[in-house]
Amino acid sequence: MAHCAAFPSPESRIPSPVIFDVITIFPEFFSSILEHGVLKRGRAGGQVEIRIRDLRNYTDDRHHTVDDRPFGGGPGMVFKPEPIFRALETLKSEAPEEEFRVVLLSPQGRLLTQAVAEEFSRERRIFLLSARYEGVDERVAEHLATDEISIGDYVLPGGELAAAVVMEAVTRLLPGVLGNEESRAQDSFAGTARGILDCPHYTRPAEFQGWPVPEVLLSGNHEEVRRWRRRQALEKTWRQRPDLLANTHLSQEDAKILEEIQQAAHKPKL
Ligand code: 9D3
């Protein structure tokens, strides 16, 4: 039987989008990133929906106060819990049946990895809470957030960029956003945290300012190119991110190549 619009075939059905609600005191911060690249395409293609929510809309005082001084003293200000809880309550009640994650971006969170991005990409609705100043009242982390996430061990002035990072990492995983599904399939070994770093890439010109492209890449010998890339990837990983090698199971071929690299460098093995 032919498929029709009312009963679309499984292949043609548009999956429900992942909905991100970003709660922030800087909504304008997001205007340009939503209009570029993966987020622009994901929104246009219906794979992702991004709603930017101004935290000050969920305050109840004349001055739209979102922060207060820390109990116990000390510098800086802390985000009050009430506006954040009210924002979540209001937004949840608009779709009470939905399951959701509430992700607090914070330097105290567990690290964002490819595995976390993949986990989030299987959710239907994700609230992203970004704070400023010294952070949020801990009761938000304890009683409202389902996840507390950091994007790395460095100090940012706030969680907005981190929220954008989470959205980009997740959105590129949604079917049809990248177009080139091959790139996504390669993540499992080329991405960090699982496997090793990517090999170097070159494009034209074959010689630039006296620096030639490695001969083997021009040879047309696909097996040699594959081996060269694997060796380069292993060497780069060993030099820049030895922690990744410690957590990766290497094939016999890889282990042998790595040994050769280490011997050539006159460096002791890991
Ligand atoms: C002096 C102690 N600091 C904690 C390490 C204070 C502090 C630093 C940065 C309090 C808040 C912030 C704001 N940062 C974020 O909201 C944030 C963040 C980050 O700073 N680094 C990595 N990932 C993230 S996600 C959110």
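Values for this structure:
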quantity	calculated
Meets criteria (within 15 Å of the ligand (Cβ to nearest atom), of a type in the set (G, A, S) and open to solvent by 10 Å² or more (accessible area, probe 1.4 Å)) for A95	no
Odd one out for E134 among (1) more than 7 Å from the ligand (Cβ to nearest atom); (2) outside any helix (DSSP H, G or I)	(1)
Extreme residue, nearest to M77 (Cα to Cα), among residues of segment 25-49 that are among the aliphatic types (A, V, I, L, M) and over 16 Å from the mean Cα position of the chain (by Cα)	I25
Residue match in segment 31-38 (condition: away from the ligand (no atom under 16 Å from the Cβ) and touching a Pro at 6+ places or on another chain (Cβ under 9 Å))	no
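The values are calculated or read from the model by the stated rules, or taken from the named source; none is laboratory data. Treat the numbers as computed from the prediction; the structure is a model and nothing was measured. Methodologically, a virtual Cβ is constructed for each residue, glycine included, from the backbone with ideal geometry; neighbour enumeration extends over all protein chains shown. Calculation scope for accessible area: heavy atoms of the full protein, side chains included, ligands and nucleic acids excluded. Shrake-Rupley method; radii C 1.70, N 1.55, O 1.52, S 1.80 Å.
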